[in-house]
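Notes follow the structure.
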Amino acid sequence: MAAERQAQVAATVEFEHVSKRYPGTQAGAGAAVDDLSFIVPAGKICVLVGPSGCGKTTSLKMVNRLIEPTNGRILLDGVDAASRDVTDLRRGIGYVIQQTGLFPHQTIGENVATVPRLLGWTPARRRERAEQLLAVVGLPPATYRDRYPSQLSGGERQRVGVARALAADPPIMLMDEPFGAVDPIVRERLQNEFLRLQEDLAKTILFVTHDIDEAIKMGDLVAVLQLGGKLAQFGTPEEILAAPASDFVARFVGADRGLKRLSLSRVRDLALIPAVTGRTGDDVRTVRDRILADPFHYMLLVDDLNRPVGWVHQEALPADGALVESMTESMSPLLDPRTTLKDALSMLLDADVQAGIVVDAAGAVLGLVTAEMIAERMRSGVAGSGA
């Protein structure tokens with residue numbers, strides 16, 4: 001059933017000796033893209049990464065023919081893109097760019113429904129699809145549908161851009177630096193949310209970034225390009241980090257590629273430590289016994305939905321009475337199960353805390369992860385052989 005579903009919603013993308021030379025350049029010199037060949041299986045994310053001017057965006061735009069190749073073919077499920085009607089082709093490919101490209105004088109609902117409107121969908125069907133997708137990307141339709149792009153934050157506009165790209169349920173999505181214009185915290189959240197979406201969507205995605213850490217995190221496959229539009233290496237993130245194909249690739253991924261391999265594992269891959277929790281009104285004496293039995297000597301105060309409120313140290317507890325919120329100290333970072341171990345370690349070190357709190361999509365506590373757990377994972381060889 002899963003294979004059938006993927007076949008319906010995704011398509012293979014194959015670059016077959018694709019080159020792009022602009023007028024005024026000679027054959028073999030000054031190519032923006034030079035003899036690019038690789039295959040992206042249906043339902044996979046392929047990240048194109050490399051320094052500025054290496055042809056990443058040019059390669060992406062040749063898929064939906066915003067730029068036409070000079071030589072070679074791009075095959076979508078075995079069909080040459082050049083043989084397709086260009087308008088029909090583009091309507092079947094989702095496209096997300098860094099600045100989202102939303103129409104400022106249209107509401108958010110109208111922006112999301114752009115392609116369905118061009119396809120002739122009825123107003124009722126367009127509205128239903130727009131509301132469905134706004135909910136999928138975490139923007140409640142009742143709150144956001146009738147707003148305008150200027151009324152949204154950068155992260156919210158980026159989510160709308162993703163929703164618009166998904167509106168006609170395209171088998172292929174092109175994403176050009178989609179999270180590059182937002183701050184690091186929002187960027188990390190958007191990356192995690194998109195990976196969560198992809199688990200359900202199973203689209204074929206070509207994703208451009210200049211950031212090797214983002215490429216490793218987001219990609220099932222990574223195409224490393226070098227200046228002149230040449231393919232330096234194509235493979236899984238693990239293959240590229242463990243065995244760079246050239247000095248250029250080794251320099252590009254960085255000397256810390258052993259640490260970068262922590263990006264290949266996620267918080268959900270660890271055996272989480274159960275958190276000692278309590279709620280407002282709990283008897284302090286019972287809580288103290290549980291704290292003393294735990295190596296952290298802390299208890300996590302949670303609300304009625306098991307969402308974290310703050311830490312309570314044993315020394316903050318009175319001799320008797322009930323737990324109150326004023327006893328709490330500052331919070332630890334909240335970690336999504338999809339957060340990479342590299343990002344989790346960075347967050348723990350930045351916050352200078354012993355443990356991060358892993359929460360589910362509703363914000364409820366799943367358990368704890370410590371910097372020592374992540375370090376042990378690296379020492380065990382999961383992320384150590386490429387150092």
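The values are calculated or read from the model by the stated rules, or taken from the named source; none is laboratory data. Small disclaimer: the values here were computed from a predicted structure and weren't measured. FYI the Cβ positions are ideal-geometry reconstructions off the backbone, even for glycines, and counts take in every protein chain you see. In case anyone asks, the SASA skips ligands and DNA or RNA and just uses the protein heavy atoms, side chains included. Shrake-Rupley method; radii C 1.70, N 1.55, O 1.52, S 1.80 Å.
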Count - residues of the range 224-245 that are open to solvent by 20 Å² or more (accessible area, probe 1.4 Å) and in contact with a Lys or Arg (Cβ under 8 Å, 6 or more places away or on another chain): 3
Restricting the range 323-347 to residues that are of a type in the set (A, V, I, L, M, F, W, C) and assigned to a helix (DSSP H, G or I), the residue that is most open to solvent (accessible area, probe 1.4 Å): 347
Some residue of the range 198-209 being modelled with pLDDT of 90 or more and farther than 16 Å from residue 94 by Cα: yes
Which listed residue is assigned to a helix (DSSP H, G or I) and either within 20 Å of residue 378 (Cα to Cα) or not aromatic (Phe, Trp, Tyr) (or both), from 255, 245, 271, 215: 215
Residue 269 vs. criteria more than 24 Å from the chain's Cα centre (by Cα), of a type outside the set (A, V, I, L, M, F, W, C) and under 22 Å from residue 366 (Cβ atoms): no
Sole residue being open to solvent by 60 Å² or more (accessible area, probe 1.4 Å), outside the structural domain of residue 253 (by TED's automatic domain parsing) and in a loop (DSSP other than H, G, I, E, B), chosen from 289, 350, 320: 320
Given (1) without any contact (Cβ under 8 Å) to a residue 40 or more places away in the chain; (2) polar (S, T, N, Q); (3) under 23 Å from residue 347 (Cα atoms), index of the condition residue 209 fails: (1)
Enumeration of residues in the range 121-146 that are acidic (Asp, Glu) and surrounded by 18 or more Cβ atoms within 10 Å (Cβ to Cβ): 131
Residue within the range 256-263 that is aliphatic (A, V, I, L, M) and farther than 22 Å from residue 66 by Cβ present: yes
Matching option when the condition is out of contact with any Leu (no Cβ under 9 Å at 6 or more places or on another chain), in a helix (DSSP H, G or I) and touching a residue at least 40 places away in the same chain (Cβ under 8 Å), among 132, 191, 198: 198
The range 251-269, subset buried (at least 17 other Cβ atoms within 10 Å of the Cβ) and out of contact with any Asp or Glu (no Cβ under 8 Å at 6 or more places or on another chain), residue farthest from residue 345 (Cα to Cα): 252
Hits in the range 130-151 (condition: among the aliphatic types (A, V, I, L, M) and either touching a strand residue (DSSP E or B) at 6+ places or on another chain (Cβ under 9 Å) or more than 11 Å from residue 163 (Cβ to Cβ) (or both)): 142
Pairs, first in the same structural domain as residue 106 (by TED's automatic domain parsing) and over 14 Å from residue 130 (Cα atoms) in the range 141-152, second in a helix (DSSP H, G or I) and open to solvent by 50 Å² or more (accessible area, probe 1.4 Å), C-beta under 8 Å, six or more apart: 149/157
Test: residue in the range 13-31 that is in a loop (DSSP other than H, G, I, E, B), closer than 29 Å to residue 195 by Cβ and open to solvent by 60 Å² or more (accessible area, probe 1.4 Å): no
The lone exception for residue 65 - which of (1) modelled with pLDDT of 95 or more; (2) open to solvent by 60 Å² or more (accessible area, probe 1.4 Å); (3) farther than 23 Å from residue 193 by Cβ; (4) basic (Lys, Arg) it fails: (2)
